[in-house]
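Notes follow once the structure below has been shown.
The values are calculated or read from the model by the stated rules, or taken from the named source; none is laboratory data. The model shown is predicted, which means the values in this text are computed figures rather than measured ones. Because the Cβ atoms are built from the backbone with ideal geometry, glycine has one as well, and the counts that use them run over all protein chains shown. For accessibility, only protein heavy atoms count, side chains too; no ligands or nucleic acids. Shrake-Rupley method; radii C 1.70, N 1.55, O 1.52, S 1.80 Å.
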Amino acid sequence: WDYSTTNIDILSKQKVLSNTPLIHVPLGYTNSLDYTDTPFPAPLLSTGFIGNVSSSSRRKKILEKLKKKIGIYENNIWNNSDPRVGVSTRLKATVIKKIDIGLIVYFYPAVVSCFDLYRVITLISNKCLVICERSMDYKMNKTFEPYIILCESFEIEKWIDYYTTNHDERKKKIEVAYQWLKTSFNYAL
């Protein structure tokens, strides 16, 4: 499954996935989420990054500069092939409910990274402001630009500082994004 027609075009040209069907699904579509009651440590800061940091020197370098301002939740719970998905989805939900700002820092350089739609929609639907690097997917960047902060990696700290001190603007941007997502991407199975 992929939400991005750009990703499908690129992947269909690669021979690596030649035996794998590529299926386009609408923004926000998912067939299920599994939740459990597994506890997760409470975030110390209202801005957080959830994901695998240790295996990406790029992410590690970017987030190292921000570690005094953000909570870093090192795990692989975004990965749906992870055997802990049922348990871990609850962990992710617990963390997301406790943060106001969610960061998306790409594993690879942004110019070769696909738009991280799953994280963006999950964060918006949990009323988090999203600060995200621009991706190589121009169409997705353009679609979400009015509702999230798209920036270069070196600008992330500036946006964190701005929105942690401007609570009313942050809340307004979150609500606009949430209402847009709720009305524009409401898919029934």
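What are the residues in the range 143-189 that are polar (S, T, N, Q), open to solvent by 60 Å² or more (accessible area, probe 1.4 Å) and either closer than 25 Å to ILE62 by Cα or modelled with pLDDT of 95 or more (or both), if any?
Correct list: THR165 only.
Can you tell me how many residues in the range 141-189 are of a type in the set (S, T, N, Q) and within 21 Å of VAL111 (Cα to Cα)?
Summing the residues that are of a type in the set (S, T, N, Q) and within 21 Å of VAL111 (Cα to Cα) in the range 141-189 gives 3.
Considering only the range 129-142, I want to know if a residue exists there that is in contact with a Ser or Thr (Cβ under 7 Å, 6 or more places away or on another chain), open to solvent by 80 Å² or more (accessible area, probe 1.4 Å) and of a type in the set (D, E, K, R).
yes
Can you pull out every residue in the range 108-128 that is under 12 Å from the mean Cα position of the chain (by Cα), more than 23 Å from HIS24 (Cα to Cα) and open to solvent by 20 Å² or more (accessible area, probe 1.4 Å)?
Scanning the range 108-128 gives a single hit, ASN126.
When you go through (1) at pLDDT 90 or above; (2) assigned to a helix (DSSP H, G or I); (3) in contact with a helix residue (DSSP H, G or I) (Cβ under 9 Å, 6 or more places away or on another chain) one by one for CYS132, which number turns out not to apply?
(2) is the only condition that CYS132 fails.
Considering only the range 86-107, state which residues are at pLDDT 90 or above and among the hydroxyl-bearing types (Ser, Thr, Tyr).
Matches in the range 86-107: TYR106 only.
Limited to the range 59-85, what total is found for residues that are part of a loop (DSSP other than H, G, I, E, B) and at pLDDT below 75?
Residues that pass the stated criteria total 10.
Step by step: first the residues of the range 26-54, then only those that are open to solvent by less than 70 Å² (accessible area, probe 1.4 Å) and modelled with pLDDT of 70 or more, then the one that is farthest from TYR106 (Cα to Cα). Which residue is that?
To start, the set of residues in the range 26-54 that are open to solvent by less than 70 Å² (accessible area, probe 1.4 Å) comprises 26-30, 36, 38, 40, 42-43, 45-53.
From the residues that got through so far, the ones that are modelled with pLDDT of 70 or more too are 46-53.
Values: SER46: 20, THR47: 17, GLY48: 14, PHE49: 11, ILE50: 11, GLY51: 10, ASN52: 10, VAL53: 10 Å.
Checking each candidate, the answer is SER46.
When you check THR164 against the structure, is it under 17 Å from LEU66 (Cβ atoms) and of a type in the set (S, T, N, Q), yes or no? Break it down stepwise before answering.
Values: under 17 Å from LEU66 (Cβ atoms): yes; of a type in the set (S, T, N, Q): yes.
Answer is yes for this residue.
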